[in-house]
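A.B. asks: Once you've had a glance at the structure underneath, I'll fire off some questions.
The values are calculated or read from the model by the stated rules, or taken from the named source; none is laboratory data. This one's a predicted model, so the numbers in the text were calculated from it and none came from an experiment. Every residue, glycine as well, gets a Cβ built from its backbone with ideal geometry; the counts of neighbours run over all protein chains shown.
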Amino acid sequence: MLKNRLSFLLLIFTLVFVSCTDSKETFNDTQLTVGTFNIAWLGDGIKDMRPRSKTDYIHIAEVILETGADVLSLQEIENDDALDIIITNLDGFDYKIFEVSGSMNIALLYKDFINIEDCSVYYPLMLIEGRHRPGLYTEFSVNGFRCKMLGVHFKSTSRYDDTEELRVKSRQERSEQAEIASLWADSVLQADNIPIIIAGDFNDYPGRINDYTLSALSENDSLTFLTEGMKSCKFEYGYSIDHIAVSPKLKTMYMDASRRCYDIYSAYSDVDVAKISDHCPVTVNLDISN
């Protein structure tokens, strides 16, 4: 009887050990998921523009996990304290952020098997200090694959642009930022031909008919918007303004039909969504097996 009980306990221990081991996330060395997510005024819990509860921060972490992203460009992040709250619910993640744009900084969230080789602020996108946000440049590698990435958050045409003159000015500035990002892509590809990604909140979408501001990017033969034509999760007849553009090498590595907009409006109640974001995260999968 004792022997049978010991055998049974050993079996249970073995099953629990295997279960715990299998639940630990491992790197899929053939696929990399890259994305962008504007978390809308993500603050540190102190006098935030959008106050959030502990549950709200947990929901944001859940959304990030649901995307399956390995590398995620983030926008509207106040500071590292705000991200520290998020990653307490994200095992195996780290981040980079430079606090240069008040409460609306760009950050990079990535899994810890990603090797960050370089990360810095890309100031040319900050046309006017205090009015525009710079980019976040990152060079990373994983399993022999190397890539350069520019996180962006272009100038919006918002409710504060309450005259036609201000609306025209905002579109002109966004067009200029798109041209700067396009020139950045050209310079990188000419220098060492390392594949590049431009990801973030473009505040416009490829293919717009009127007042289009992304022409410099969409007409650049060295860039392709993998997310072109993706519909908005917020507006039934609108298009997403969160996008991922890549150089030719990464276009060939794109896994067909892998692009995804995770619809938080369907996954959560209206009350919860209001505290998560007014944007949905967008991701694509890249085949890095070769």
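A.B. asks: I need a count of the residues in the stretch 165-213 that are free of Cβ contacts under 8 Å to residues at least 40 places away in the same chain, crowded, with 20+ Cβ neighbours inside 10 Å and aliphatic (A, V, I, L, M).
C.D. replies: 1
A.B. asks: Test each condition in (1) touching a His at 6+ places or on another chain (Cβ under 7 Å); (2) surrounded by fewer than 22 Cβ atoms within 10 Å (Cβ to Cβ); (3) under 20 Å from residue 200 (Cα atoms) for residue 251 and report the one that comes out false.
C.D. replies: Here residue 251 clears every test but (1).
A.B. asks: Got a sec? Which strands (runs of 3 or more DSSP E) wholly within the stretch 45-142 have at least 1 residues that are over 18 Å from the mean Cα position of the chain (by Cα)?
C.D. replies: So the answer is 115-122.
A.B. asks: Out of the residues in the stretch 231-256 that are part of a loop (DSSP other than H, G, I, E, B), farther than 20 Å from residue 32 by Cα and not small (Gly, Ala, Ser), which is modelled with the highest pLDDT? Reasoning before the result, please.
C.D. replies: As a first pass, look at the stretch 231-256 and keep what is part of a loop (DSSP other than H, G, I, E, B): 232-238, 240-241, 247, 255-256.
Subset that is farther than 20 Å from residue 32 by Cα: 232-238, 240-241.
Going one step further and asking which of them are not small (Gly, Ala, Ser), we end up with 233-237, 241.
Values: 233: 94, 234: 92, 235: 91, 236: 87, 237: 90, 241: 98.
So the residue we want is 241.
A.B. asks: Filter the stretch 120-137 down to the residues that are in contact with a strand residue (DSSP E or B) (Cβ under 6 Å, 6 or more places away or on another chain) and surrounded by fewer than 16 Cβ atoms within 10 Å (Cβ to Cβ) and list them by number.
C.D. replies: 120
A.B. asks: Checking residue 94 against (1) closer than 19 Å to residue 145 by Cβ; (2) touching a residue at least 60 places away in the same chain (Cβ under 8 Å); (3) not β-branched (Val, Ile, Thr), only one condition comes out false. Which one?
C.D. replies: Going through the list (1) closer than 19 Å to residue 145 by Cβ; (2) touching a residue at least 60 places away in the same chain (Cβ under 8 Å); (3) not β-branched (Val, Ile, Thr), residue 94 breaks only (2).
A.B. asks: Can you go through 25, 76, 66 and tell me which one is in contact with a helix residue (DSSP H, G or I) (Cβ under 9 Å, 6 or more places away or on another chain) and either modelled with pLDDT under 95 or not hydrophobic (A, V, I, L, M, F, W, C) (or both)?
C.D. replies: One residue alone meets the criteria, 66.
A.B. asks: Then there's this: In a helix (DSSP H, G or I), touching a Ser or Thr at 6+ places or on another chain (Cβ under 8 Å), among the acidic types (Asp, Glu) and under 21 Å from residue 124 (Cβ atoms), is that true of residue 186?
C.D. replies: yes
A.B. asks: Which of the residues belonging to the stretch 147-163 are over 18 Å from the mean Cα position of the chain (by Cα) and of a type in the set (D, E, K, R)?
C.D. replies: The answer is 159, 161, 162.
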